[in-house]
There are 2 protein chains.
Amino acid sequence: MNEKNCIIGQSGGPTVAINASLAGVISRAQDLGFKHIYGMINGIKGLIENRYTDLNLIFQSPELLNTLKESPAMYLGSCRYKLKDINQDKKQYELLFHKFEELNITDFYYIGGNDSMDTVAKLSEYAKITHSDIHFVGIPKTIDNDLMGTDHTPGFGSAAKYVASSMLEIAYDSSIYNLDSVTIVEIMGRNAGWLTAASALARSSFNEAPDLIYLPEVPFIKENFLNDIREVFKRKRSVIIAVSEGIKNADGDYLDQDSKYVKKDAFGHILHSGTGKVLETIVFKEFQCKVRSIELNVLQRCAMHNASKTDIEESFRIGVNAVNASENHTGIMMCFKRLSNHPYLIETEYKNVVDIANKEQRIPIEWINKKHNDITPELYDYLYPLIQGEVNVTYKDGIPFYINISHLK
Amino acid sequence: MNEKNCIIGQSGGPTVAINASLAGVISRAQDLGFKHIYGMINGIKGLIENRYTDLNLIFQSPELLNTLKESPAMYLGSCRYKLKDINQDKKQYELLFHKFEELNITDFYYIGGNDSMDTVAKLSEYAKITHSDIHFVGIPKTIDNDLMGTDHTPGFGSAAKYVASSMLEIAYDSSIYNLDSVTIVEIMGRNAGWLTAASALARSSFNEAPDLIYLPEVPFIKENFLNDIREVFKRKRSVIIAVSEGIKNADGDYLDQDSKYVKKDAFGHILHSGTGKVLETIVFKEFQCKVRSIELNVLQRCAMHNASKTDIEESFRIGVNAVNASENHTGIMMCFKRLSNHPYLIETEYKNVVDIANKEQRIPIEWINKKHNDITPELYDYLYPLIQGEVNVTYKDGIPFYINISHLK
C-alpha cells in the first residue's frame, strides 16, 4: 500500500465545534496510518502562500487531541477566500495541485460553510478534468445551520444551546422590575432563522420567554409587531423578543439597511448589526416604556464554555467519517441524516458537494406559525435534541483551558 | 425567648449571587427558629404596596434552597426606589414601621448596592429616633464592586469570571483571520473599572489578550489610545481592547454622552451603552482595518452558567453571617475582610452602614499602570482569587435549571 498524506483546512466563520471535526479527522487519519497530516494555516489562502504545518507531529497525545476537541474558534485559522472559476484563473489551480503533488497528498479535507463547499466543489472539478487521484471531501460547519443536504450542521447545536441558555438568563434578568419593559435579543443568522428559532428552547414550565420570535424567512410587518407586543402586555409586564439580525420588511429590505453600521464581507454579504437598535427605537416610540436591545454577538459562535455535548460529539464523528468516506469517494460533503427524533438517532452519509455548494437551507414555512411571530412544535422537536448534554470544559486559573493558538498571531 | 420574624428584600441591579445571599439568610434564619421569614416582592417599594410572601413556607427543602442559591437575578424581584429624607416625608416611614409592627418583625435584611444601603441607613436612623427594637442589616451585592468598606462585593467575582472567560473566547474568535483587526469589548461599570480590569484574568501562557485596558478612573486621551493600538500592531495583527462603558475624556465628559442612546435611571445616573461604538468609529477612521465592538451587556450580571464558586459560596456565607450579626447589631452592612492572598483567606465583618451608603469605591490609581492602558500585577493578584472555582449548575432539557420566578410577571 502506498503512503497516504492528507491536508486539512478550516474556513469561514468560527464555531465551537469546528476543532472537534478537525480532531476527528486527525484521530482517524492517525489510526489509518497516514504519514503526514498537513494543516493549512488560514485555509486555502494560506496554502497558496505556502503556510502549513504537520498536525501529526503536533498531536501526539490523546490529551492534546481532546483539548483541541474542546476548544473554540479555529486551531488552523481561517480565511474568507473564494477561488475564481477554473476558466477565469487556471494558474491558481495549477499552483495548488503542484503543491499537492509536492506534498504527495492523497486526501484533502475542508471544514467550512457554504463558501468553503464552493472551494471543495471547484477543486474536485479541477481534479476530474486533470485526472488527479486526490480525493476532496467537505466537512460542514456553521452556526447558521443553512447548508443544504444535511439534517443540521456541526456547530449549530452549541450556538443554539448558548442562545437558549442566554435567552433564559436574560428573561430572568428582565423580570425583576415591576414595570412595563421590552427586551429585544438580536440573534445571528443572515438569511436563515434557525439560531433565532432556537431561542424557543429557553422555554420551560417556569419560563415562557421568548414571548415573540421574528425570523428572516417571513416578512417583518411593523404594525403586526406592535400589535403582538400589545397582546403580550395584556398578560405580563416584561416582554422578551427574539429577533434575527436579518429580518426584512415586505419590500425585502433589511431593517437596518440605512444604518451607518452596514458593512460587507469579502463575498459581498451585508454584515448586519443594527436590527435590535432599530426595533428599540420603534418600540420606545410606541410604548414609551423601558426598552433594551441586546446583541448576543460573537459569543454565539465562540462560547465553548456552554457547548452542546451532542454537537461536539457529532462534530468529532463527522470528521472521523470524512476520513473513512474519502477512501473511496471524492467531490462529496459529509452530511447528517436523522433517523428518528424519539429516541434521537443520527447517521452520517455523504452527498455530491456540487449539489450543496452555494445553496441555502432556510426554515420551511410550515415550521413558522400562522401569525409569523413564533415557531411550531415541529421545529421545536427538530431543535430540541441538538442542544442536549454539556461539555465540562477544563478550567485553569478560573478560566477555560483551551488549545494554544498563539501561532496565529 | 420571644418569637422572631424577619423580612428580606432585594434591590438594585441583578447579579448571579444575590439569590445565594438570600438563601444564606433563609437557611440561617430557619436554623435559628425564626417563625416567619418574609420576603418583600420588589423591594421596599413592593412592601409599601403591601406585597410580600413568607419564604419559610416556600423553602421547606434543602434542594429547593440549593436551587435558589444557584439561580441568577432576583427571586424576590427588585426596585429602584430611594426613600425620601425622614424630614421630607415622615409618612412613608410611619407606614413601613407600622407594617413591621403588624408583622412583628425583629430583623430586617436588605440585599443590594449603594442605593440599597441608603435605604438601610435611613430605616435604622428612623428606628433610632423612634426607639424601635428592629435590627437593620445591609448585605452588599453589585457586579460593579464599588461599595466602600468591603474588600469586594458579592456578585462581582462571578461577573468577573464571565468577563474573563468571554474575553478569552472573543480573543480566540478574533485571532483566526490573517488580517489587521481591532476588537473592542465594552464592559459594564459606571464609574468604577473593576469589572473591566477583570478582563486581564483572561491572560494565560497561551493568550495575551486583552492587549489594552481602559478604565474610567483615569482620563481617556484619544491620541494616546491610537498610539497604544499602533504599538500593539507592531507585534500582532489582532488587537483586543477592554474598555469600560464609563470612560471619560480629559474634560470629564463621557465618550458617548452625545449619543442618542443616553438614558437615565431613577437615581439620575446616566445609562451608557455607546462607548464601544464611538471607539469603533475612531479606530476605523485611523486604521481603516476591520473593527468590531462587542457589548457584553446584561449577561455579565446574569450568566449563572459561568459563575464563580468562590463568589457563590461567599455570598451564601455573608447571608448566614448577616443573620448572626443582627442578633446584637443594627445599622450595619456586612463586609468582607481579606486576611491574605496566598492562600486566599477572607472573613466577614460589619461596619456602620452610614459610613458606606452613597459612597463609591473606585480602583486606586496605583493599581493602574503609568501609561493608563493596563492594570498592575497588584490588581491582578487582588482579582485572581475571586473568580476561582466553577458552579456546576444543573441542566434540564439542555438549558440551566433555575428557580421558578414566574410569580414576578
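When residues in region B:205-217 are screened for being closer than 16 Å to A:LEU408 by Cα, surrounded by fewer than 24 Cβ atoms within 10 Å (Cβ to Cβ) and not charged (D, E, K, R), 3 of them pass. Each residue in region A:54-99 was checked for being farther than 16 Å from A:GLU125 by Cβ, more than 14 Å from chain B (Cβ to nearest Cβ) and touching a residue at least 60 places away in the same chain (Cβ under 8 Å), and 1 pass. Here B:LYS128 meets the list (1) out of contact with any strand residue (DSSP E or B) (no Cβ under 8 Å at 6 or more places or on another chain); (2) in contact (Cβ under 8 Å) with a residue 60 or more places away in the chain; (3) assigned to a loop (DSSP other than H, G, I, E, B) almost entirely, failing just condition (3).
Against the definition (among the aromatic types (Phe, Trp, Tyr), surrounded by 14 or more Cβ atoms within 10 Å (Cβ to Cβ) and either under 18 Å from A:ILE176 (Cβ atoms) or free of Cβ contacts under 8 Å to residues at least 24 places away in the same chain (or both)), how does A:PHE220 come out, yes or no? No; evaluated as a whole, the condition is false for this residue. Residues that are over 12 Å from B:ILE18 (Cβ atoms) and more than 8 Å from every other protein chain (Cβ to nearest Cβ) were ranked within region B:297-312; the one that is modelled with the lowest pLDDT is B:GLN300. Hey, does region B:347-362 have a residue that's assigned to a strand (DSSP E or B), open to solvent by 50 Å² or more (accessible area, probe 1.4 Å) and farther than 27 Å from B:SER116 by Cβ? Scanning region B:347-362, I find no residue that is assigned to a strand (DSSP E or B), open to solvent by 50 Å² or more (accessible area, probe 1.4 Å) and farther than 27 Å from B:SER116 by Cβ, so the answer is no.
What residue, among those in region A:339-351 that are closer than 19 Å to B:GLY398 by Cα and of a type outside the set (Gly, Ala, Ser), is nearest to the chain's Cα centre (by Cα)? Looking at the filtered set, the residue picked out is A:ILE346.
Residues that are of a type in the set (D, E, K, R) and within 15 Å of A:ASN324 (Cα to Cα) within region A:97-111 comprise just one, A:ASP107.
When residues in region B:35-51 are screened for being free of Cβ contacts under 8 Å to residues at least 60 places away in the same chain, over 29 Å from B:ASN297 (Cα atoms) and either more than 13 Å from chain A (Cβ to nearest Cβ) or open to solvent by 10 Å² or more (accessible area, probe 1.4 Å) (or both), 6 of them pass. The set of residues from region B:192-217 being away from chain A (no Cβ under 14 Å) and either part of a strand (DSSP E or B) or farther than 18 Å from B:VAL278 by Cα (or both) comprises B:ALA192, B:GLY193, B:TRP194, B:LEU195, B:ALA197, B:LEU212, B:ILE213, B:TYR214, B:GLU217.
Of the residues making up region A:311-343, those that are surrounded by fewer than 24 Cβ atoms within 10 Å (Cβ to Cβ), part of a helix (DSSP H, G or I) and touching a strand residue (DSSP E or B) at 6+ places or on another chain (Cβ under 6 Å) are A:ASN321, A:ALA325.
Restricted to region A:49-88, and to residues that are in contact with a helix residue (DSSP H, G or I) (Cβ under 9 Å, 6 or more places away or on another chain) and among the acidic types (Asp, Glu), which residue is modelled with the lowest pLDDT? The extreme case among them is A:ASP85.
Tell me whether region B:382-397 contains one or more residues that are open to solvent by less than 20 Å² (accessible area, probe 1.4 Å), within 13 Å of another protein chain (Cβ to nearest Cβ), free of Cβ contacts under 8 Å to residues at least 24 places away in the same chain and over 19 Å from the mean Cα position of the chain (by Cα).
Taking region B:382-397 and keeping what is open to solvent by less than 20 Å² (accessible area, probe 1.4 Å), we get B:382-383, B:385-387, B:391, B:393.
Within this subset, residues satisfying the condition of being within 13 Å of another protein chain (Cβ to nearest Cβ) are B:383, B:385-387, B:391, B:393.
This time we only want the ones that are free of Cβ contacts under 8 Å to residues at least 24 places away in the same chain, so: none.
No, that holds for no residue.
Scanning region B:161-181 for any residue that is at pLDDT 95 or above, open to solvent by 10 Å² or more (accessible area, probe 1.4 Å) and part of a loop (DSSP other than H, G, I, E, B) turns up at least one such residue. Of the residues making up region A:223-248, those that are hydrophobic (A, V, I, L, M, F, W, C) and open to solvent by 10 Å² or more (accessible area, probe 1.4 Å) are A:LEU226, A:PHE233.
The values are calculated or read from the model by the stated rules, or taken from the named source; none is laboratory data. If you're wondering where the values come from, they're calculated on a predicted model, not measured in any experiment. Heads up, the Cβs are rebuilt from the backbone with ideal geometry, glycines too, and the neighbour counts pull from every protein chain shown. The area values use the complete protein model at the heavy-atom level, side chains included, leaving out ligands, DNA and RNA. Shrake-Rupley method; radii C 1.70, N 1.55, O 1.52, S 1.80 Å.
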